[in-house]
Amino acid sequence: MTETRGVLDEPVGAWRAIVLYGQNTAIYKIALGQCLAGFAAEGRDRISLPELAAAFFDRYAERLRSGQPQLLTPGRLTVMERVVALYRQATLSRDQAVERVGQEAFGDVVPRFHTVADRSVPVRFYERSPDGGLVLTDAAYSGFTCPNTTLTGGPLAVGTSQLKTTGCRL
């Protein structure tokens with residue numbers, strides 16, 4: 001990892017490290033980051049698990065419209081790919097799909113979101129609430145609500161273009 005400790009102490013630097021250097025075999029961290037950014041932009045501080053699951057489902061379903069694989073392992077599907085496929089086949093209603101996302105999709109990404117190279121970054125964008133939801137920290141607001149942050153716009157993209165933030169002092 002080439003990031004310095006000082007950069008990781010700032011929300012934008014921590015976010016870049018999470019996405020660029022964290023284990024990202026699928027785009028779950030980017031999708032979760034975009035959900036956090038959206039909630040922060042709305043001024044929300046507490047997000048229930050059902051609210052998070054609905055936002056995550058919508059972002060991920062949008063991403064899958066591109067047809068790009070989500071894992072590097074050919075033929076293997078992520079939980080989200082399976083849930084979205086069942087929804088698109090009308091096997092699951094939207095409510096059932098969102099419920100399944102809440103039950104199955106967050107097992108790795110929520111507890112490991114702040115992890116880079118097997119270490120936790122010093123900046124925390126959220127804490128878990130006792131009911132399984134999230135409580136956004138001040139870092140979520142300062143890191144995700146800068147005027148020119150591109151995290152909330154457009155479809156999810158794996159790449160540095162989604163990480164660029166300009167005109168924002170933290």
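Please work out if ARG76 is out of contact with any His (no Cβ under 7 Å at 6 or more places or on another chain), surrounded by fewer than 17 Cβ atoms within 10 Å (Cβ to Cβ) and at pLDDT 85 or above. Break it down stepwise before answering.
Numbers: out of contact with any His (no Cβ under 7 Å at 6 or more places or on another chain): yes; surrounded by fewer than 17 Cβ atoms within 10 Å (Cβ to Cβ): yes; at pLDDT 85 or above: no.
Here the answer is no, as ARG76 does not meet what is asked.
Based on what the data block shows, is ARG76 more than 29 Å from SER142 (Cβ to Cβ) and in contact (Cβ under 8 Å) with a residue 60 or more places away in the chain?
Criteria not met by ARG76.
From the set of residues in the range 99-116 that are farther than 22 Å from ALA140 by Cβ and not basic (Lys, Arg), which is modelled with the highest pLDDT?
The qualifying residue modelled with the highest pLDDT is GLU99.
The values are calculated or read from the model by the stated rules, or taken from the named source; none is laboratory data. All figures in this text were calculated on a predicted structure; none of them were measured in a lab. So basically every Cβ, Gly included, is an ideal-geometry build from the backbone, and we count neighbours across all protein chains shown.
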